[in-house]
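Below is one structure; the comments refer to it alone.
The values are calculated or read from the model by the stated rules, or taken from the named source; none is laboratory data. All values derive from a computational prediction rather than experimental measurement. Cβ coordinates were reconstructed from backbone atoms using ideal geometry, including for glycine residues, and neighbour counts include every protein chain displayed. For the accessible areas, the whole protein counts, side chains as well, though only heavy atoms, and no ligand, DNA or RNA atoms are used. Shrake-Rupley method; radii C 1.70, N 1.55, O 1.52, S 1.80 Å.
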Amino acid sequence: MQAPVVPKPRLEFLNSKPPPNYVAGLGRGATGFTTRSDIGPARAAPDLPDRSATTIGGAVGSSGVGRGRGKGAGGDDEDEDEADEKGYDENQKFDEFEGNDMGLFASAEYDEDDKEADAVWESIDKRMDSRRKDRREARLKQEIEKYRASNPKITEQFADLKRKLCTLSAQEWDSIPEIGDYSLRNKKKRFESFVPVPDTLLEKARQEQEHVTALDPKSRAAGGTETPWAQTPVTDLTAVGEGRGTVLSLKLDRLSDSVSGQTVVDPKGYLTDLKSMKITSDAEVSDIKKARLLLKSVTQTNPKHAPGWIAAARLEEIAGKIPAARQLIWRGCEECPKSEDVWLEACRLASPDEAKSVIAKGVKAIPNSVKLWMQASKLEHDNVNKSRVLRKGLEHIPDSVRLWKAVVELANEEDARLLLQRAVECCPLHVELWLALARLETYEQAKKVLNKAREKLSKEPTIWITAAKLEEANGNTAMVGKIIKRGIQSLQREGVEIDREVWMKEAEAAERAGSVVTCQAIIESTIGIGVEEEDQKRTWVADAEECKKRGSIETARAIYAHALKVFVTKKSIWLKAAQLEKSHGTRESLDALLRKAVTYRPQAEVLWLMGAKEKWLAGDVPAARAILQEAYAAIPNSEEIWLAAFKLEFENHEPERARMLLAKARERGGTERVWMKSAIVERELGNVSEERRLLEEGLKLFPSFFKLWLMLGQLEDRLGHLEQAKEAYESGLKHCPSSIPLWLSLAKLEEKASGLSKARAILTMARKKNPQNPELWLAASRAELRHGNKKEADILMAKALQECPTSGILWAASIEMAPRPQRKTKTMDAYKRCEHDPHVIAAVAKLFWNDRKVEKARNWFNRAVTLAPDVGDFWALYYKFELQHGKEEQQKDVLQRCIAAEPKHGEKWTLIAKAVENSHQPVEAMLKKAVVALGKEENAAAAVAENGT
């Protein structure tokens, strides 16, 4: 055995504390130095060890040497004190991104000032970045172009070669070899394996589809009367569907009844029978059982919980067990006698004979329940018993408004008055009872009732409005405005906010009730509340228009009346009020309003003219003449008034007076319209020389007014002076090159005098000077058609539609020119291009008319005249259609609407209206002449088509 090793004795100085000024190695000439471990890492570290606690062997000496210049062990404390004084440590960690601030402000709070400063700096950065944006983008673009130039795409590399392909001849193209087919289609397909269907699967499918008429051994063992439990279920869904259909057919046969050889099924009875059939699946039965267990637990654990009993009873009702439901709800009534919902449910589930006894027990248990008393009254069949029950309830609940209302509804007038007197004593804070009592009382008693109600309900505005209505109904209209004004002041003293919208609705309600004076008083007192002075005019006009749309005419009239008191010189408000009176008022009210308007606005021409026209339409020509004389005195240099006076005399067959008026207007320096009207008067009177003189003088004064040139050319054309007419048109085109009527008249004249070629040249020149004009294209196409050039007309129409793709006139003409099979396609194209154009809509209506689709044609004609009521051609087509297919009422309706619209435009309409013989004809006569003209045109077109075929 070996002897135990004796441990070496440990030196004593290793365990002892070194002297205060001891530096390791200093005695043998070693000097201290500083390493990174003494300073610390450059990056921030979470925690630095305390160097004062390092080992004696090296850290202490190096630490002392690192501090330098005689700093002893107490140096750390001094540094910490100094760092506390500065607020930060100079030797703290340095961040490469944040700098020393990372250490300085690491523990500081980020407040709103810091956030605002960051936002300012961020905005500055964005601003500087936006200033350098153009240079940066230009530099980036230059770099991209440089890169693309040095790295071109394959398409760019072969671009020059592709351009050279145009020089190849046909033989060189043919000599290019065909490329081989390297597609994946001709590659060898991978091997695909097909596994045959197992015989077991085929056998199973055969067994499912076969029909067996014999019983299997298991069924024979059971006697053939029942299906054994272990038999395989049917899996053929087709057979299941067929069986279900068979069962349904048997049920229908059972429900049907054979009457006179026809099978009749009562649909209502059949549906009722099906509804009564309750089909309960296994899942529903399971759910009902679970719900029953849950509700049983609820009612047992908390029997005083009324909803639990109600839910349990309704579950049994759904399950079809009404007796069990009644039993459950009766137990609920015993457990929760103070719950009105349980008693109501019990009454609902009870039989009609037992319901009264149930509700009687309920009201005995809860005598203060309004719902139970109301239900008890519903169970009674005559009014006497219902009233008796309700009065019994009022003995227990005298402050129930619902019971008072119900018992008053059942009583006669005298009993109702007595009941309401008692009701307002019991329910003094319910305004409806006070108002109902006031309506039943006499005038004097009603005033007393309303005064009492006002004392009880000082913040209720309805009482003041009812008081005003009461005064108006009894003829005391002078008090109505005072009551409303006093009521608003009283409500404002009570702190009630006056909402003008709510009061306007009250005014409309008063108007509907027939209290017009009350309505006006409410508007007068409340319309200006809460409206700024600069917004008053706009707001009040908008309010009046809204009331007008809702049919509240008196309210709108009251708003305009108040607005005219404030803005007495505003012409627009006078016009709005006049339009309201014209639409919904009488002639007398309109005349009075216009008289008042011209008193305050004597310089408004339109008001004078409106008043004169209304007098004229009423048949009072002298009064209209007097109004125009007053207007002329107020506005002596108004051309509109001169022309209105001329029209009045001219239309009433006073040409001499009209001529004198126009002569005075010309002397006073009238405009071109005065000269034109003067020429029209002379044309009607047949004074050719005077007409020519007036036109020539007018053209010297107004050479750029194309209508005078047009009238001069038409004058020469009527007289047969074709050369002079041509000169007039050409002179007019020199001054008015953009006048389409002048170009069309010149082309028509040349076609009549020289033939198609000259007219064609004129129309071509007109299209060059006036591009994209559909009327010129249409005239050119129709000129070709008149001379039998159908192909040229179609070509022109195609070009016209290319140049004017959204012109409804051209599309309508294109539909008429197209062959009958192609018209529907043309119509679809036209409707897509210009959906809301009246010409296209009228063309579609004509197509429906030709196809005998009467209702559709009527709807489309109605759309056309609604969109363009000023075009007489559409009214003529519509009226002709109704004469052929409509009833007398529909014909009269179209005629009256046309007279009200007073159409002025239209290709055929203007030809008829401008004719000398039709100058004073009414609209009705011109409409019938237009219908005759349309019939002649259709007959001529049919004859041409027949000759062409």
Q. Can you give the Rg and Dmax of segment 785-837 based on its C-alpha atoms, in angstrom?
A. 10.9, 33
Q: Note down, for segment 547-614, the three equivalent ellipsoid semi-axes (square root of 5 times each alpha carbon gyration tensor eigenvalue), biggest first, whole angstrom.
A: 19, 14, 9
**Q.** Cα-projected label distance for residue 22 with residue 799, points at 7 Å along beta-carbon direction, nm
**A.** 12.2
Q. Rule-of-thumb check for segment 385-495: C-alpha Rg over 2.2 N^0.38 Å?
A. 1.17
Q.
Need the list of lysines near residue 164 for cross-linking: C-alpha distance under 30 angstrom, and skip anything on the same chain fewer than eight residues off.
A. 146, 153
Q) In square angstrom, rounded to the nearest 10, how much accessible surface does residue 440 have for a 1.4 Å probe? A) 50
Q.
Over 18 Å apart: what share of the alpha carbon pairs of segment 604-703 falls there, rounded to a whole percent?
A. 47
Q. Convex hull over the alpha-carbon atoms of segment 520-645: what's its volume per residue in Å³?
A. 103
Q | 22 Å Cα-Cα threshold exceeded, pairs from 799/880; 748/768; 892/928 | A | 799/880
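Grab the other residues whose beta carbon is less than 10 angstrom from that of residue 760, score K and R as +1, D and E as -1, and report the net. Display every interim value, and only then the final one.
Details: positive: 758; negative: 750, 751, 784, 792.
Result for the local shell: -3.
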Q. Roughly how much of residue 797 is accessible, in Å² to the nearest 10, using a 1.4 Å probe?
A. 10
(Q) Let's test the formula: R0 of 35 Å, r as the Cβ-Cβ distance of residue 663 and residue 907. What FRET efficiency results, to the nearest 0.05? (A) 0.50
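So if we plug the beta-carbon distance of residue 536 and residue 772 into 1/(1 + (r/R0)^6) with R0 = 51 Å, what FRET efficiency do we get, rounded to 0.05?
On the way: r = 47 Å, r/R0 = 0.93.
Once rounded, the FRET efficiency stands at 0.60.
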Q: For each pair in 846/887; 571/664; 677/904; 485/549; 726/904, compute the distance between the two Cα atoms and list the pairs where it is over 21 Å.
A: 571/664; 485/549; 726/904
(Q) Based on the alpha-carbon set only, what is the convex hull volume of segment 362-445 divided per residue, in Å³? (A) 80
Q) For segment 791-949, how big is Rg over Rh, using alpha carbon atoms and the Kirkwood form of Rh? A) 0.97
Q. Which length gain, in nm to one decimal place, applies between residue 138 and residue 932 when the Cα-Cα distance is subtracted from 0.36 nm times their residue separation?
A. 278.4 nm
Q. With all protein chains present, how much of the accessible area of segment 413-517 (probe radius 1.4 Å) comes from carbon and sulfur, to the nearest whole percent?
A. 48
Q. Taking only protein heavy atoms and a 1.4 Å probe, what accessible area per residue, in Å², does segment 319-441 have with all protein chains in place?
A. 54
Q) How much accessible surface does residue 675 have with a 1.4 Å probe, in Å² rounded to 10? A) 20
Q. In segment 629-682, carbon and sulfur make up what percent of the accessible area (probe 1.4 Å)?
A. 49
Q: Would you work out if segment 338-394 is rounded, prolate or oblate? Take a ≥ b ≥ c from the square roots of the eigenvalues of the alpha-carbon gyration tensor; rounded if a/c is under 1.5, else prolate when a/b is larger than b/c, oblate otherwise.
A: oblate
**Q.** Å² per residue, accessible surface of segment 806-852 at 1.4 Å
**A.** 53
Q) Using the C-alpha gyration tensor of segment 703-766, what are the square roots of 5 times its eigenvalues, in whole angstrom, with the largest one first? A) 17, 15, 7
